[in-house]
Amino acid sequence: MLKQLPSRERLLAVKKLSSEIFGETFNPQNIRNGLKVLRKPLVGPEVASYYGKNDSMPTFKDFKAWFPELKLVDPREETRLKMVADRKKRNKGAPKKKSS
């Protein structure tokens, strides 16, 4: 059993060491420092531009645009359209838009 508690300085030293080890901030006086703003997730153009443009791998759409004379058909898109038509036949499709 402890005879007396550790001093405040000793506790602060332990907290400081712990924050260094685990990569946390040590702020014993609770001074406002703007970390709340920096911890927020990025929104808008910052997020969109984070990974940059990925034009390294051409997609099916690219080939279709480059060679329109071949009249290429995307099998995935064709399957999707067939499934949408089947769902509409069973009245499971999207509801009709309201006409004004």
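We did not get these values from a lab; they are worked out from the coordinates using the rules stated. In this text the structure is predicted, and so the values were computed from the model without any measurement. So basically every Cβ, Gly included, is an ideal-geometry build from the backbone, and we count neighbours across all protein chains shown.
Report the FRET efficiency, 1/(1 + (r/R0)^6), for Met83 and Asn54, where r is their Cβ-Cβ distance and R0 is 25 Å, rounded to 0.05. Show your work: numbers first, answer last.
Working: r = 28 Å, r/R0 = 1.12.
With R0 = 25 Å, the Cβ-Cβ based efficiency is 0.35.
Which ³J(HN,Hα) values in Hz, rounded to whole numbers, follow from the phi angles of the stretch 82-94 under the Karplus curve 6.51 cos²θ - 1.76 cosθ + 1.60, where θ = phi - 60° and Gly and Pro get x?
5, 5, 5, 5, 4, 5, 5, 4, 8, 6, 10, x, 5
Please go through the residue pairs Lys15/Lys36; Lys53/Lys97; Lys40/Lys64; Lys53/Lys89; Lys40/Lys92; Lys61/Lys82 and name each one whose alpha carbons sit more than 31 Å apart in this structure.
Cα-Cα > 31 Å for Lys53/Lys97; Lys40/Lys64; Lys53/Lys89; Lys40/Lys92; rest within.
Across the stretch 33-48, in residue order, what do the Karplus-derived ³J(HN,Hα) couplings come to in whole Hz, using 6.51 cos²θ - 1.76 cosθ + 1.60 with θ = phi - 60° and x for Gly and Pro?
9, x, 5, 4, 5, 6, 7, 4, x, 5, 10, x, x, 4, 5, 5
If you take the beta carbon distance between Lys3 and Glu24 as r and set R0 to 30 Å, what does 1/(1 + (r/R0)^6) give as a FRET efficiency, to the nearest 0.05?
Computed FRET efficiency for Lys3 and Glu24: 0.45.
If you build the Cα gyration tensor of the chain and take the root of 5 times each eigenvalue, what three semi-axes come out, in whole angstrom, biggest first?
Output for the chain: semi-axes of 61, 23, 16 Å.
I'd like the FRET efficiency for Ala13 and Leu38, computed as 1/(1 + (r/R0)^6) with the beta carbon distance as r and R0 of 25 Å, rounded to 0.05.
0.40
Comparing Gly52, Gly34, Gly23, which has the greatest mean-square fluctuation in the GNM of the chain with Cα pairs linked when under 10 Å apart?
In this elastic network of the chain, the residue with the biggest mean-square fluctuation among Gly52, Gly34, Gly23 is Gly23.
Pick from Ala65, Ala85, Ala48: which residue has the top mean-square fluctuation in a GNM of the chain where Cα pairs under 10 Å get a spring?
Among Ala65, Ala85, Ala48, the largest GNM mean-square fluctuation belongs to Ala85.
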